[in-house]
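I have placed the structure first, in the form of C-alpha cells, so that the comments after it can refer back to it.
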Amino acid sequence: MAFINIYPVYTSQELAFKSKQNTMQSQAAVIASTLSGLETLNSENVGKVLELLDIGNLTRTAITNQSALILYDTESTEASQPRYAIFPELIKALDGYDVFNSVFADSAFHSSVTVPVMHHNSIIGCVYIYEYDGDQGALLVGVQMTFRNISLVVGALVLVICVILSRGLTSRISRILAAMRIVREGEYSHRMDISGSDELAELGREFNRLTDRLETTEEMRRRFVSDASHELKTPLASIRLLTDSILQTQEMDPATTREFVADIGAEAERLSRMSEKLLSLTRLSGVKLETVPVRLSQVIETAAHMLRPLAGSAQIEIELDLDEDAVTLADPDDMHQIIFNLVENAIKYNHPGGKVRVRLFSYGKLVEIMVEDNGIGIPEEDLPRIFERFYRVEKARSRETGGSGIGLSIVADTVARYNGTVSAERSSIGGMCFCVKLPAYMEGKS
Ligand code: ADP
C-alpha cells in the first residue's frame, strides 16, 4: 500500500515537472529571441516588445539588463525606483545558463525559468518567468486522495479479515489446549470434536488417536495392577497360612511338615515365575541383541524336558517332531523363553489326558516352530488380542493356572525383535496351534 501511495504520485509529479519545463523553456526562449533583436535593453523597448507577445498564462515575467537591473516586471509596475534582481537563478542565467526550477507545494506547482538574452554572442540581459499552476496541483492532490482512500478501505478490509481468521484459528487452538488439559487431568475418555481438513484438524484427529492409545494403555495398566496384586496376594496368603500352621501346631508329624514346606516351595516358585515374566517384559525394551547360531531342536528338547513334570501331573503327553538342521541366529535364552511359554500354555490350557505336539521345520530361508494341542482352545473373538500385554481370555481360567496374560506378549515381542512372525489358529488336532517363523541361519552368510 505504501508503494501504491508513493510510486504513482511520484511518477505523475515527475511527468508534470517535465511538461512544465518544456513549455516554459520554449516560452522563455521565444521572449529571449524576440528581445535579442535589440542592441541594448531598456524599460521602453522591452515594454513595447513584451506588449506584442502573448504571455497571459504566466504569473510573473521579469526582464533585466546585463547588470541585473529590472527593466520590466509584471508584478511591480513602479518604475521610479531602480531595482536589482539578485537571486541565484538570475546570476546563473547572466553567466549564460538556462535555469529551470519547479516545486510542488501547497497543492500547486511553482515553476520558474530564467534564460539569458543574447545579442551577437554577448549577454545583454535575462528573462525570468514564473508560473503558479493550481489546476494541475489540484489534479495531483485528487489522485493522491483517491489512492489514500483506496488504501484505507483495503487496509480496513484486510484488518477485519485478519481478525476474523485469527479469531477462528485461536479458538480452535484453545479447544485443542482445553482438550489436552482435560486428558492430562486423567479424563482419558474425552475426545475432541474438530472438523475440517487443515493442519489443525489433523492435529486434533492425531490427538484423539493418541488419547485412544492412552486410554487403552491406562485400562491395561489398571487391569494389570489389580490382576497382579490379586495374583501376588493369593500365593502370599497361602504361604502365610502354611507357615502359621507349622508354627502353631505343637507336635506336627514330619510327613505333614514336609508336605506343607513343599507347598510353600511351590507357591514361592509361582511367585518367582511371575516376577521373572515381569522382568523379561522390561528387559525386552532397548537391549542390544547378542546373537549366536542356535540349534532349535536342542532348545525345544530342553524346554520339553523341563516341562515334563508339569505335563505328567496333568497326564498330558508331549510329542516332538524336530528337524535337526533348523538353526537361527539369536540369544539362546530368548529362544528358550518363546518355546517354554508356548509349550507351557499348551499344557496349562489342556484337558487331562490331552496331547501337545511340537514340530520344527526348516525351509531354505525360514525356520518354523509349531506348537499344537488338543486342549480347550481360544474363542474366535479373543484371537486378535491374545498377543497383547496382560490380555487373558478368561480371567478366571488363567488365574486357576497361575497365568497373568504376559506370556504370549513376551513371545510376540521377542519374535518381532528377530524379524520373525507369530500367529495363532485352530489346530487340526482340536485345540490351538501357535506357529513361529524366524529367519534361518545359513553358514557363511551374515
Ligand atoms: P497367561 O500367563 O495368562 O497364560 P498368556 O499371554 O500366555 O498369559 O496367554 C494369554 C491367554 O491366551 C491366556 O489367558 C489363555 O487363556 C490363552 N491361551 C494361551 N495359550 C493357549 C492355548 N494353547 N490354548 C488355549 N488358550 C491359550
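As a proxy for reagent exposure, ranking H120, H336 by other Cβ atoms within 10 Å from fewest up yields H120, H336. Residues in the stretch 177-192 carry Karplus couplings, in order, of 4, 4, 4, 4, 5, 4, 5, 4, 6, x, 7, 6, 8, 6, 10, 8 Hz; the curve used is 6.51 cos²θ - 1.76 cosθ + 1.60 with θ = phi - 60°, and Gly or Pro positions show x.
For the stretch 135-145, 3J(HN,Hα) computed residue by residue from phi via the Karplus equation (6.51, -1.76, 1.60; θ = phi - 60°) reads 5, 5, x, 4, 4, 5, 5, x, 4, 4, 5 Hz, glycine and proline entered as x.
In percent, how large is the relative contact order of the chain, given Cα pairs closer than 8 Å and 6 or more residues apart?
Contact order relative to length: 9 percent.
Among D334, D198, the order by Cβ neighbours within 10 angstrom, fewest to most, reads D198, D334.
Would you calculate, for the chain, the mean residue ellipticity at 222 nm contributed by helices, counting each DSSP H stretch of 4 or more residues as -39,500 (n - 2.57) and dividing by all residues, to the nearest 500? It lands at -18500 deg cm²/dmol. Close amide H contacts of G377 (hydrogens built in the peptide plane, cut-off under 5 Å, sequence separation of 5 or more or a different chain): M432. Bridges between two residues of the chain, per DSSP, are antiparallel at a rate of about 90%. Report the one residue of P82, I63, L169 whose Cα lies farthest in the direction of the positive end of the charge dipole of the stretch 62-173 (charges on C-beta: Lys and Arg +1, Asp and Glu -1; origin at the Cα centre). It is L169, whose Cα lies furthest towards the positive end.
Under a Gaussian network description of the chain, with springs only between Cα atoms under 10 Å, the residue in L329, L71, L307 that fluctuates furthest is L71. Here the stretch 417-433 and the stretch 309-364 have alpha carbon centers that stand 12 Å from each other. Result for the chain in a Gaussian network model with C-alpha springs under 10 Å: among V415, V115, V393, the largest mean-square fluctuation is at V115. For V367, nonlocal amide neighbours, meaning residues 5 or more places apart or on other chains whose placed amide H falls under 5 Å from its own, are L438, A440. For the stretch 424-439, putting each phi into the Karplus relation 6.51 cos²θ - 1.76 cosθ + 1.60 with θ = phi - 60° gives couplings of 10, 8, 5, 8, 5, 9, x, x, 10, 10, 9, 10, 10, 10, 10, x Hz, in residue order, rounded to whole numbers and with x for Gly and Pro. FRET efficiency for the pair S26 and L159, taken as 1/(1 + (r/R0)^6) with r the Cβ-Cβ distance and R0 = 45 Å, rounds to 0.35. Sites counted here are GluC sites (Glu not before Pro) in a DSSP loop (not H, G, I, E or B) having no more than 10 other Cβ atoms within 10 Å; the longest part of the chain that contains none of them is 291-442.
Coordinate-derived values only; no laboratory data. A quick note: this is a predicted structure, and the numbers were derived from the prediction, not measured. Virtual Cβ from ideal backbone geometry, glycine too; neighbours counted across all protein chains shown.
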